[in-house]
Number of protein chains: 2
Amino acid sequence: MRKELAPIFRPRSIAVIGASTTRGKIGREMIHNILLAEFQGKVFPVNPNSSVVHSIKAYSTVLDVPDSVDLAIIIVAKKHVREMARQCGEKGVKGLVVISAGFSEVGKEGKKRELELLAVCHEYGMRMIGPNCFGIVNTSPDVRLNATFGKINPKIGRIGFITQSGAMGEAIMNHANELGIGFSIIASIGNKADISSNDILDYMQDDPNTDIILMYLENFGNPQNFTRIARKISRTKPIIAVKSGRTKLGAMAASSHTGALAGLDVGVDALFEQSGVMRVDTVEELFDVAAALSKQPIPKGNRVAVVTNAGGPGILATDALISNGMEMPPLSPGTVKKLKKSISAEASFSNPMDMVAGAGGREFKLTLDAIKNDSRYDAIIPIFVPPVTIDQMDVARNIQESLEGTDKTILACFMGAGEKPEAIEFLKDHNIPVYIFPEAIAKTLALLAEHREWLNKPSGKYRNFKVDKAEAEAVIESAYAKGELSIVGEEAIKILQAYGIPAVGYEYASNAKEAVAAADKIGYPVVMKINSPPMLHKTEAGGVMVDLRTAAEVRAAGNEMERRAGKLKEGEKFTVVLQKMVAGGIETVMGVTIDPSFGPLIMFGLGGIYVEVMKDVSFRINPITDMEAREMIRSIKSYPVLSGFRGSKPVNEKILQDTLLKLSQLVRDFDCFSEIDINPFIASADISACKAVDARFILLKR
Amino acid sequence: MRKELAPIFRPRSIAVIGASTTRGKIGREMIHNILLAEFQGKVFPVNPNSSVVHSIKAYSTVLDVPDSVDLAIIIVAKKHVREMARQCGEKGVKGLVVISAGFSEVGKEGKKRELELLAVCHEYGMRMIGPNCFGIVNTSPDVRLNATFGKINPKIGRIGFITQSGAMGEAIMNHANELGIGFSIIASIGNKADISSNDILDYMQDDPNTDIILMYLENFGNPQNFTRIARKISRTKPIIAVKSGRTKLGAMAASSHTGALAGLDVGVDALFEQSGVMRVDTVEELFDVAAALSKQPIPKGNRVAVVTNAGGPGILATDALISNGMEMPPLSPGTVKKLKKSISAEASFSNPMDMVAGAGGREFKLTLDAIKNDSRYDAIIPIFVPPVTIDQMDVARNIQESLEGTDKTILACFMGAGEKPEAIEFLKDHNIPVYIFPEAIAKTLALLAEHREWLNKPSGKYRNFKVDKAEAEAVIESAYAKGELSIVGEEAIKILQAYGIPAVGYEYASNAKEAVAAADKIGYPVVMKINSPPMLHKTEAGGVMVDLRTAAEVRAAGNEMERRAGKLKEGEKFTVVLQKMVAGGIETVMGVTIDPSFGPLIMFGLGGIYVEVMKDVSFRINPITDMEAREMIRSIKSYPVLSGFRGSKPVNEKILQDTLLKLSQLVRDFDCFSEIDINPFIASADISACKAVDARFILLKR
């Protein structure tokens, strides 16, 4: 990708097609920005009505440009775009950035226009960003390209930024500028007709000026590809993303906005989790995290020391840190002893270390010196609320001096520093990010800590169990042959068994007498369910009776069920199924759902109310590794129920894990399922009791 | 309170004791600020070493001041404070603001110093703010008092602000100034030796310049008082509070900081909920909400329209609104039809209404005009991301013009407006608050919506059931007489029954034969539990057997339990209790816990895993009204389990509500409980099945 995208991000010559000198027009702002940024190559304005644009000679068409052209920026009306692209092709241009809108984002006709444009690119072997985009930036000193039409010339930095929304791109560039944050590369990818965010990610991976990647996403073109690429890049260059369309209505808005199918949010979360991408909710958080990552190392652990000159902010910081899962070990007795010699007795020698309002540079230095090499902390947060009596610069200098060279993560908080930002600027210039409020620091540290865990995690293995694929196929084909799209009961159990998933067997009976015989065969106690006629909400309608312990109870139940089944319709037959009652276990639910963007998602949760009311389930995109299966089980909130609640024995997790992996394999082997539910799968400490009790497969239409 | 605090907040003459001319000293900054704010009364610096301070004649002692003095600000070293206060008393000063630190916040000796100072105040009938505070402000044009030592002269506004931390007070004042937010009154209350936040609240209630009250709190001196006062004020003047010390460690830090007992956070949440105080987590949110309330009405409902010129921010807004519980009804067909005539066909005519990037003032006006009187919306959010081609001021003017006079709540979002804030200033000046990110708007609206619900809620009644108090007292006294601090089993059930709480009766048996006799008496099925010897975690140890359906099963169970009880110790006797098995209901848990700050808290939740793993419980401070009891039940996440889950009948909520109210009455009648647990209380649609099965009372030591 590096070579293919080089003419776009590192061009030696640019043509701006649709360049203009009218203020407020995109064509003028674009050329203005290119000149203002002091582009290190040559610029050729193209405008049929003007021989000079912005004091530079302009050409009627790109074909008239006397030099070769690497990159063309196209800003003309939508109906002319294809012809301009064709001319670029003739000229031998390598890459296009198409700013013009009115393509697939506006419906069917626009989509057609876009495909025609793409065809021209393919014909001439050109790569294209856009259409309907905000432009691109590369601040590398040997390039200095700002081909956007915003008001801002971005600062140089080591952050790559990919945005799917031009408006968000501009808003984010402006906001970054106010925060003093710089970029290496910015790419507004618009409709992604040719070049996708995955391509740009790939390019940024190799870009020596990019250390961190920010993304604003509305959908995924190819989630599998994204996962593959992002998973690799995340190991060395952290990726932080805002993915909008989180709620259903938001996703609908995203969908009408982009013309793409919006993904279920669980899919997005799973995808980010599996690929190590840090997801944030808001643009503010995006920058909070970027500011930390661009200046500080990822902390080695969760243990934080807070050093403050004011109680209130110290408490706020503590609240926020603890509720975000951080730890705050107390100061060591040695440190306390040392500090008590030199710091006001009115200080609070704990964590937060509150040095009280009189504290200035000297006190910060003493305290920070005492803890900066203390192995009980991974991160240090100096908090300073500037009283009028204290010299802020002196405090900033002492913080910097003390912490220079430490390998801990340092994030500072200057609350209400008001109109004297020199001290803050000083710290930022010395690679210590400064936040206004401690809550942002806590959230940032929590996200970094989570990322560190991801980095440290063994990558996991895909498993291949020995299965009877032919048997499963036979069941599926037989259902299709009968014109049925749903496989339940005994047939469903057969599929599970073919894939080595333990399941409780079935016996059928069509009256009370047969039921007793079946129960005698299975062994007591048994569960009895009405099999036919079909009943909705069987449990509520009394179509299920559990814990039948004797032949007499089974007989009574059989008669009662026949009564409850009511009058049969023509051709209907009364039958019940009997299963061995599995006692003492915990009901879990496993399943598969097909997401339109992400393909099969594997699901795990506890049964009944947990899944239906509490929505306490975990999802992963298929295929899953053994590590991911393990995490799926451990990441539900009700996990303590499985791991040994109030002295009960922990259930056999291995069998749950293997069942999820077998389910994953089943879905890899067959692409005909639209839904799978194993509900319940009994989890128990006793491996022989761990069994699927019921399952349901819904097939896709053929 | 108004009259007593008037000399402090509306003084006609002030003495500044410890006034100084040395830059950076508190005594200098204080007098500097008083002069700078153009205090409308007289100022008398007091300084024994200087006859002039800041160009004003200074006096050696307050007694030398030729005029009468309403308010004295004391800034001298801690050891001189008492003497200065005494002189103020002699002089006839009415109120003190003691800035000096070194009192109860620094431990025992300081506490003593504080009590001596307070005694002086009492002796002379003076009221005091502080010690250890940051000062006070009253921006009323006829007062213009800024008796703080910060860098800021606060703007005039209609917000009252009470802070328990001087540092947070200064930080918040600075931040407000940057946001252009003004105050009516500011009070830093320090150690609250005399005047508490409750007193100031009371004063602000009557202050004609105060419409909204902000609080930064670390603890509550008198929560009952706070509830009483805040509940009243909240009806007319919204109160927004940051209460720090939310986590246990945070509370510990707060406690070491303030020397006060920190409250459980559930208590704080309950208190705010019950008194209508809006709780926010961060200082940023405090101002987000304050900005909305100071310029806009509380929305009448949850229905929001979003009008945007950019898709991305529209989606972010939708996500944030929906996930904060807001609703976004689509545009009416009529509106869509009307707008389609005049707005670009590329727009998305839904909600969010995305007018696409070309939209300017005209489009905003058209769209807002079309929906501003539409009864399907309670709030409107115009979002504008300024493209370079559009005139921001024109957009702002059109938004303002269109929405002038609408009764809906308007909160605008200008993303990345960059260095051209005139449009934003214009809107703010015309009472439309402007936010940078849509998420802040969503959170703010959600909080306002919740407050509206609180305001609309009937206030609820305290109930008095006819109970047999004497019977309950007899059980309690008998336990005390035996030296027992725990009441369980039959005795516990007796207390419940005395208070009209339905409970399942007990039968005892000391062997299998007696057990069968007891079961025959109760009726099958029964539950059997080992009563003695006492067993920890009875359920896990097999000390409980349920659903015994026949005499044979009871006999077997009795023998098995005797075996499980194992070898008895000297003096121990084997007994079991039998109860009627209550089938088919849902286990709930009700209880009381005593919070050191808030007194008894009433608790409700579902039983077992819900309470122990999911922590899905609700708390209210005692006493509770019938409305509060109802809310307690409905506010747990697992409420759908009670209200009819998957077609099951909803349980009888009235009996749950009454049981909570009876529990509340019991705790009002007796102050001897340290803990009460009713676990489980069976909830069912069948009222005769709604019963407490087990209860435990822990008594306080006498």
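Remarks
- Mean residue ellipticity, 222 nm, helices only, the protein assembly as shown: the sum of -39500 (n - 2.57) across DSSP H runs of n ≥ 4, divided by residue count and rounded to 500, is -12000 deg cm²/dmol.
- Of B:ILE239, A:THR148, B:ALA474, farthest towards positive along the dipole that unit charges on Lys, Arg, Asp, Glu beta carbons give the protein assembly as shown: A:THR148
- For the stretch B:658-698 and the stretch B:325-358, distance of Cα centres in Å: 54 Å
- Counting only Cβ charges, +1 for Lys and Arg and -1 for Asp and Glu, the dipole size of chain A around its Cα centre is about 620 debye.
- Cα gyration tensor, chain A - rounded (a/c under 1.5), prolate or oblate: oblate
- Karplus (6.51, -1.76, 1.60) ³J(HN,Hα), θ = phi - 60°, over the stretch A:664-674, in Hz, Gly and Pro reported as x: 4, 5, 4, 6, 6, 6, 10, 9, 9, 8, 9
- Restraint check, A:LYS91/A:LYS151; B:LYS25/B:LYS111; A:LYS408/B:LYS192; B:LYS192/B:LYS237; B:LYS295/B:LYS338, Cα-Cα greater than 28 Å: A:LYS91/A:LYS151; A:LYS408/B:LYS192; B:LYS295/B:LYS338
- Here's how it looks for B:ILE162: its modeled amide H is under 5 Å from those of B:ALA187, B:LEU214, B:MET215, B:TYR216, which are all 5 or more places away or on a different chain.
- Here's the picture: charge each Lys and Arg Cβ at +1 and each Asp and Glu Cβ at -1 in the protein assembly as shown, and of A:ILE698, A:HIS451, A:ILE129 the one pushed furthest to the positive end of that dipole is A:ILE129.
- Estimated inter-spin distance, B:ASP429 and A:GLN224, nm [label 7 Å along Cα→Cβ]: 5.9 nm
- With contacts taken as Cα pairs under 8 Å and at least 6 residues apart, the stretch B:505-581 reaches a relative contact order of 51 percent.
- With both residues required to sit in the stretch A:2-292, DSSP beta bridges show an antiparallel share near 20%.
- Between B:HIS80 and A:ASP391, the FRET efficiency from the beta-carbon distance, with R0 = 25 Å, is close to 0.40.
- Relative contact order for the stretch B:296-456, counting Cα pairs under 8 Å that sit 6 or more residues apart, in percent: 31 percent
- Using alpha-carbon coordinates, inclination of helix A:223-233 to the longest axis of chain A, degrees: 60 degrees
- Rounded to whole numbers, the Karplus 3J(HN,Hα) couplings from phi for the stretch A:31-43 are 5, 4, 5, 4, 5, 4, 6, 6, 3, 7, x, 9, 10 Hz, using 6.51 cos²θ - 1.76 cosθ + 1.60 with θ = phi - 60°, and x at Gly and Pro.
- Mean Cα-pair separation over length for chain B, i.e. relative contact order, pairs under 8 Å, 6 or more apart, %: 8 percent
- Inter-chain Cβ neighbour count for B:319-326, averaged per residue, equals 5 (cutoff 10 Å, partner chain atoms only).
- Inter-label distance for B:SER342 and A:GLU4, nm, one decimal - labels placed 7 Å from Cα along Cα-to-Cβ: 4.8 nm
- Dipole magnitude for the protein assembly as shown: about 120 debye, using +1 per Lys or Arg Cβ and -1 per Asp or Glu Cβ, origin at the Cα centre.
- Backbone phi angles across the stretch B:438-453, fed through the Karplus curve with coefficients 6.51, -1.76 and 1.60 (θ = phi - 60°), yield HN-Hα couplings of x, 4, 5, 5, 4, 4, 4, 4, 4, 5, 5, 4, 5, 5, 4, 4 Hz in residue order; Gly and Pro are listed as x.
- With a Förster radius of 56 Å applied to the C-beta separation of B:ALA583 and A:THR282, the computed FRET efficiency comes to 0.65.
- Calculated FRET value between A:LYS649 and A:THR406, using beta carbons and R₀ = 41 Å, to 0.05: 0.35
- For B:ARG634, inter-copy label distances in nm, listed shortest first [label point 7 Å out on the Cα-Cβ vector]: 4.1
- Cα-based reach from A:LYS461 at 19 Å (exclusive), listing lysines while leaving out same-chain residues under 8 positions away: A:LYS232, A:LYS654, A:LYS662
- Helix A:78-91 vs. chain A, principal-axis angle (Cα, 0 to 90°, nearest 10): 70 degrees
- Between the stretch A:32-89 and the stretch B:488-528, the Cα center-to-center distance that results, in Å: 93 Å
- Calculated label separations, B:PRO208, copies of the chain, 7 Å along the beta-carbon direction, nm: 7.3
- 0 to 90° range, to nearest 10: angle between helix A:489-498 axis and chain A longest Cα axis: 60 degrees
- Listed by chain and number, the aspartates and glutamates whose alpha-carbon sits under 15 Å from that of A:LYS457, ignoring those within fewer than 8 places in the same chain, are A:GLU273, A:ASP626, A:GLU628, A:GLU631.
- Placing a label point 7 Å from Cα along the Cα-to-Cβ axis, B:ALA556 is separated from the same position in the other copies by 1.6 nm, shortest listed first.
- Counting DSSP beta bridges with both ends in the protein assembly as shown, the antiparallel % (nearest 5): 50 percent
- Highest mean first, the peptides A:684-693, B:69-78 sorted by other C-beta atoms within 10 Å per residue fall in the order B:69-78, A:684-693.
- Each of A:THR335, A:ALA440, A:ALA347 was placed along the dipole of the stretch A:297-456 (beta-carbon charges, centred on the mean Cα), and the one lying farthest toward the positive end is A:THR335.
- Gain upon complete extension [B:LYS701, B:ASP520; 0.36 nm per residue less C-alpha separation]: 61.1 nm
- Long-range amide H partners of B:LEU699 with built H, under 5 Å: B:SER486, B:ILE487, B:SER674
- In this structure, the amide hydrogen of B:LYS300, modeled 1.01 Å from its nitrogen in the peptide plane, lies closer than 5 angstrom to those of B:THR409, counting only residues at least 5 positions away or on a different chain.
Coordinate-derived values only; no laboratory data. Predicted model, so just to flag it, every value in this text is computed and none were measured. For neighbour counting, all protein chains shown are included, and Cβ atoms are generated from backbone atoms with ideal geometry for every residue, glycine included.
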